[in-house]
1. Label-point separation (nm) for Glu23 and Arg8, each offset 7 Å from Cα along Cα-to-Cβ?
2. Read through the labelled values (i) 1.13; (ii) 1.06; (iii) 1.01 and report the label of the one computed as Rg/Rh (Cα atoms, Kirkwood Rh) from the structure.
3. Using a simple charge model, +1 on the beta-carbon of Lys and Arg, -1 on the beta-carbon of Asp and Glu, nothing else, what dipole does the range 3-78 show about its Cα centre, in debye to the nearest 20?
4. Could you check which residue among Lys46, Lys29, Lys38 shows the biggest mean-square fluctuation in a GNM of the chain with a 10 Å Cα cutoff?
5. Relative contact order for the chain: what percent, with Cα pairs under 8 Å and sequence separation of 6 or more?
6. Going Cα to Cα from Lys38, which aspartates and glutamates come in below 12 Å? Please leave out same-chain ones fewer than 8 positions away.
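Derivation of every value follows stated rules applied to the coordinates shown; laboratory data play no part. The model shown is predicted, which means the values in this text are computed figures rather than measured ones. Here the Cβ is made from the backbone with ideal geometry for all residues, glycine too, and neighbour counts use every protein chain on show.
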Amino acid sequence: MFFKVPGRILDIETIASGKGVRESRRLRKLYGGRRWRKLKGTATVKLADGTMCHAEVHWYEAHGVGTRELKIKRILEIQ
């Protein structure tokens with residue numbers, strides 16, 4: 001699903017870090033970086049059809065690499 005996050009991500013929490021990130025080996029091969037973290041938060045997102053909604057999003061992040069593989073886990077409210 002294609003979407004954009006036009007604003008800020010709020011209520012950010014770390015789900016996993018270090019060896020707790022199951023995908024860390026794949027992420028290191030694709031993007032580099034060492035200490036990967038999986039995070040979650042809530043944001044207003046704009047879907048491909050133009051619909052704006054409030055959703056819970058998850059993503060991976062590493063120092064020097066930045067945010068990668070942002071995905072919508074669930075839609076909380078359609079605006």
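1. Computed distance between label sites Glu23 and Arg8 equals 2.6 nm.
2. The value computed from this structure is option (iii).
3. Details: 18 positive and 8 negative charges, 127 e Å.
That gives a dipole near 620 debye.
4. Lys29
5. On the way: 161 pairs, mean separation 22.7, N = 79.
Computed value for the chain: 29 percent relative contact order.
6. Glu13, Glu23, Glu61, Glu69
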